[in-house]
Every structure is written in C-alpha cells, then in structure tokens.
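A short reminder: the numbers here are calculations on the coordinates, not readings from a lab. Note that this is a predicted model, so its numbers are computed, not measured. All Cβ positions, glycine included, derive from the backbone under ideal geometry; neighbour counts span all protein chains shown.
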Amino acid sequence: MAQDGFDVKGVPTSIATANLAKEHGIALTSLEECPTVDLTIDGADEVDPRLDLIKGMGGALFREKLVAAASRRVAITVDASKLVKRLGARSPVPVEVHPFGWKVTKARLEALGAAATLRSSGGATIRTDNDNYILDCRFKGIKDAARLEREINDVPGVIENGLFVGVASLVFVAGGKGVRTLKR
C-alpha cells in the first residue's frame, strides 16, 4: 500500500492477530505509539438495528473496545446471520473479569439477570491475552444495551464487557445479493 501513497499500520487487538499480521508483512504499531486510530475494521457477533454490537466471542473484547475507543471511525463487517432484532438473541455477552474473586463477580452479574458461565475448553479455564477470565453472560432480551453496559462495568472485578453501544459508524453486511452498507 505504501507504493500507492498509503502509509497504513495496524493496531492488533490480540497476540494471535499480531502474529498473523507479521506473517503477512503487515506493519504494526501500538496505541502507545499511535493513540488516535483513523479507522478500525472488525467483525461482530451480533448487530442490532441501532448498530449496537456484541463482540468478544474471540476473547479479545477489552483490547477491541480500547482500540475502538481510540478510533475516529469503526467499520464492522458481518454476514447477514449476525443481524438481530435485539442484542443477546443468540450470543452471550462476554465479560472479561479479574481472576481474583471471580466467583463474587459472577454472583453480582447473576444478580443483574445473567446466566453466567466461566469460559473453558477441554476442562481448562480460558485466559485472555491480559491473563483474565471470561464469563459468558446470557441475558433474557436486552432491552437497554447502554444501561446494561454501564451496569456490568460497575460490578467489581469486571475489566470490560462485550456490549459495544454507539461504537460502529458503518456496518457492511454480506448476503446472497451482495453487500449492504448500514450507517449510523
């Protein structure tokens, strides 16, 4: 891209993404070196009609949210199966929590109405790149995503949650008839 007059660098949101980018020769930087990002392009697990999102099933939600917050624009790419009328229809809300006292944090999230499950694989607890745990929280019909996002983040032990409210500028939806563009 540099030969086309573009100087593009990526800010990876996970160690796996950084490794993949390096393998393909993509130049990288960090939020410390580049605290303002021109454009974030990412996926989502669910997108509602307001373009609010659930993200983080890949486990990088804290870093994804921080990079999105540093971005001037956020473009999301999904296929049509990710569109929902109400967030939480299919996907749980991932919540990154500190390992110390995680059961207390889990109980507080359950008091908010979540059915919370510690994410694991093969009997081992999954850890994020930040060495935290993830609780996958199912809520019965999220009516007010902005309020729930705040309530979750107010729980002691919560690092961040996968509700991305008011973040996406554009959503590109791939379907059988091509790509639709949804704008906020």
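Looking at region 88-106, which of its residues are within 18 Å of Ala146 (Cα to Cα) and either of a type in the set (Val, Ile, Thr) or more than 14 Å from the chain's Cα centre (by Cα) (or both)?
We begin by selecting, within region 88-106, every residue within 18 Å of Ala146 (Cα to Cα); these are 88-89, 91-96.
Residues satisfying the conditions are Ala89, Val93, Val95.
Scanning region 160-174 for residues that are buried (at least 21 other Cβ atoms within 10 Å of the Cβ) and in a strand (DSSP E or B) returns Glu160, Asn161, Leu163, Phe164, Val171.
Within region 107-119, track down each residue that is touching a residue at least 12 places away in the same chain (Cβ under 8 Å) and more than 15 Å from Leu148 (Cα to Cα). So that I can check it myself, show each step before the final result.
So the first thing to find is which residues in region 107-119 are touching a residue at least 12 places away in the same chain (Cβ under 8 Å), and the list is 108-109, 112-119.
Of everything in region 107-119, those that are touching a residue at least 12 places away in the same chain (Cβ under 8 Å) and more than 15 Å from Leu148 (Cα to Cα) turn out to be Thr117, Leu118, Arg119.
Taking (1) within 21 Å of Asn153 (Cα to Cα); (2) assigned to a strand (DSSP E or B) in turn, Ala107 satisfies each apart from (2).
I'm checking my understanding of the structure. Among residues of region 54-75 that are in a strand (DSSP E or B) and touching a helix residue (DSSP H, G or I) at 6+ places or on another chain (Cβ under 9 Å), which one is surrounded by the most Cβ atoms within 10 Å (Cβ to Cβ)? First the steps, then the outcome.
Within region 54-75, the first condition is being in a strand (DSSP E or B), and the residues that meet it are 54, 71-75.
Filter once more, so that each one left must be touching a helix residue (DSSP H, G or I) at 6+ places or on another chain (Cβ under 9 Å): 54, 74.
On the way: Ile54: 27, Val74: 25.
Once the filter is applied, the top-ranked residue is Ile54.
Scanning region 1-30 for residues that are over 17 Å from the mean Cα position of the chain (by Cα) and part of a loop (DSSP other than H, G, I, E, B) yields Met1, Gly5, Phe6, Asp7, Val8, Lys9, His24, Gly25, Ile26, Ala27, Thr29, Ser30.
Against the conditions (1) closer than 21 Å to Asn132 by Cβ; (2) assigned to a helix (DSSP H, G or I), Arg147 satisfies every one except (1).
Going through region 129-144 one residue at a time, which ones are assigned to a strand (DSSP E or B) and of a type outside the set (Asp, Glu)? Steps first, answer last, please.
Taking region 129-144 and keeping what is assigned to a strand (DSSP E or B), we get 133-138.
Matches in region 129-144: Tyr133, Ile134, Leu135, Cys137, Arg138.
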